Amino acid sequence: MAETHYLPEEAVHFLWDASHEPVLTIESGDTVVMHTRDVSDNQLTPTSTSASVPEINRERLYPLAGPIAMEGAAPGDALAIDILDLRTQGWGWSAIIPGLGLLADDFTDPYLRVFDLSAGDVTYLRDDIMIGREVAGATVDLDARLLSVEPEHGDGSAVRAQQINQDADGSRLAGAVR
């Protein structure tokens, strides 16, 4: 009979690496409920300011939940993941983190903008500027051989991860077990 599992919130790591032991093992048809951390590993909050940005511990950026193992899965098997529900916590942020990113030399001062995401499909840049929002909710990896977050590996394999957003409810991700 299908079971519901709860991924422990402390079950994170900071490197795509196949040597991580699974924190959960599930069977076909099971449901996993998880509350993932934001890209700062929850170091920023709705009350954070630009002064908070230099305090970010960069070793804690990009926390990855899991891994989760599928009982009985073997190379060549098809694996499907159904996204049943994906929600935000009602807020999000964008930042300039000095020394990080493609334009690090051009933007050297820290900046943080916290957005209220509770108004549905829009958020406000200013009171008179409403913008549509695209919430990057999660990245799901279907390749257990990943060694880093680089797009190509020395063995010729490529990262096969799927970025999903808040409109993903009812979506199915599928791939082959390697």
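The values are calculated or read from the model by the stated rules, or taken from the named source; none is laboratory data. Predicted, not measured: the structure shown is a model, and the values here were computed from it. So basically every Cβ, Gly included, is an ideal-geometry build from the backbone, and we count neighbours across all protein chains shown. What goes into the accessible areas is simple: the full protein's heavy atoms, side chains included, and nothing from ligands, DNA or RNA. Shrake-Rupley method; radii C 1.70, N 1.55, O 1.52, S 1.80 Å.
Summary of computed values
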{"quantity": "The stretch 1-119, accessible area per residue, ligands and nucleic acids excluded (1.4 Å, Å²)", "calculated": "67 Å²"}
{"quantity": "Theoretical gain in end-to-end length, Asp109 to Met1 [0.36 nm per residue, Cα-Cα removed]", "calculated": "33.4 nm"}
{"quantity": "Sites Leu100 and Glu27, calculated FRET efficiency, Cβ-Cβ separation with R0 41 Å, nearest 0.05", "calculated": "0.55"}
{"quantity": "Antiparallel DSSP beta bridges within the stretch 1-85, percent to nearest 5", "calculated": "25 percent"}
{"quantity": "Carbon and sulfur %, accessible surface of the stretch 1-146 computed with the full protein complex present, 1.4 Å", "calculated": "52 percent"}
{"quantity": "At R0 = 25 Å, FRET efficiency that the Cβ-Cβ distance of Asp85 and Glu9 yields, to 0.05", "calculated": "0.90"}
{"quantity": "Given charges at beta-carbon only (K, R positive; D, E negative), |dipole| of the stretch 1-146 in Debye", "calculated": "380 debye"}
